[in-house]
1. Of the cross-linked pairs K20/K160; K14/K161; K14/K180; K14/K153, which ones have a Cα-Cα span greater than 32 Å in the structure shown?
2. Based on the alpha-carbon gyration tensor of the chain and its eigenvalue square roots a ≥ b ≥ c, which shape applies: rounded if a/c is under 1.5, prolate if not and a/b is larger than b/c, or oblate?
3. Once you order the gyration tensor axes a ≥ b ≥ c over the Cα atoms, which shape class does region 70-120 get: rounded for a/c under 1.5, otherwise prolate or oblate by comparing a/b with b/c?
4. Assign unit charges at the C-beta atoms only (+1 for Lys and Arg, -1 for Asp and Glu), then state the dipole size of the chain relative to its Cα centre in Debye, rounded to the nearest 20.
5. Carbon and sulfur: what percent of region 51-189's accessible surface (1.4 Å probe)?
6. How much FRET efficiency would the formula 1/(1 + (r/R0)^6) give for D172 and F138, where r is the Cβ-Cβ distance and R0 is 30 Å, rounded to 0.05?
7. So which trypsin sites (Lys or Arg not before Pro) in region 34-83 end up in coil per DSSP with only 15 or fewer other C-beta atoms within 10 Å?
8. Per residue, how large is the accessible surface of the chain? Use a 1.4 angstrom probe and give square angstrom.
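The values are calculated or read from the model by the stated rules, or taken from the named source; none is laboratory data. Source: prediction; values computed, not measured. In this analysis, Cβ positions are derived from the backbone assuming ideal geometry, glycine residues included, and neighbour counts consider all displayed protein chains. Surface accessibility is based on the protein's heavy atoms, side chains included, excluding ligands, DNA and RNA. Shrake-Rupley method; radii C 1.70, N 1.55, O 1.52, S 1.80 Å.
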Amino acid sequence: MGKQFSELSDRHIKFIGNQKIYFVGTAAATGHVNLSPKGGDSLRVINSTTIAWLNLTGSGNESAAHVIQNPRMTIMFSDFDRAPLILRAYGNARVLHQQDADWGQYCELFPASIATRQIFILDISMVQSSCGMSVPNFEYQGDRSELERWTEKQGTSGIKKYWLNKNQHSIDGFETEIVKRSGITGPED
């Protein structure tokens, strides 16, 4: 049955380190709730009450828009190939962009990529475990390479143009601040 904790235990941190996928949930006061699957080498447990995750360029930018308005975030991990377990980290998050003062401190924790869009820092207020006995078993076959190939094709200027054209607002029209906080002044950047 489910248990609640005030922070991540060593056992939780080890569990998180073994996961190949995690899910991020955010919501503003109005509009759509967002739930995003994440993978690759994009998450770091900083300490028992802090998680950082790297947000690569994608078709939406909902998490950023939501966190600016409402910092609540949930990160969920689920074991798909071992003992059944679901682990959720609840808390308040902040979004870092390239022009933010502490960007470098966190950016260096992740592999370099021109697709790097933001980094989210979750300050954990509660951790909850639950059984996961109804979650099916799946076998990990490897990470996808499509985003990396697309990113290389776009190049740095293409990624920034994409941010200008596709990532400035959420599907509900909420501002993501990506242009201002990444130092982009126009399409030529």
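1. Working: K20/K160 28 Å; K14/K161 39 Å; K14/K180 37 Å; K14/K153 36 Å.
K14/K161; K14/K180; K14/K153, as the Cα separations exceed 32 Å there.
2. Cα axes put the chain in the prolate bin.
3. Taking the square roots of the gyration eigenvalues as a ≥ b ≥ c, region 70-120 is oblate.
4. The calculated dipole for the chain is roughly 220 debye.
5. Ligands and nucleic acids excluded, carbon and sulfur reach 49 percent.
6. Result of the calculation: an efficiency of 0.40.
7. Working: sites: K38, R44, R72, R82; in loops: R82.
For trypsin sites (Lys or Arg not before Pro) across region 34-83 that sit outside H, G, I, E and B with at most 15 neighbouring Cβ atoms in 10 Å, the list reads R82.
8. Accessible area per residue: 54 Å².
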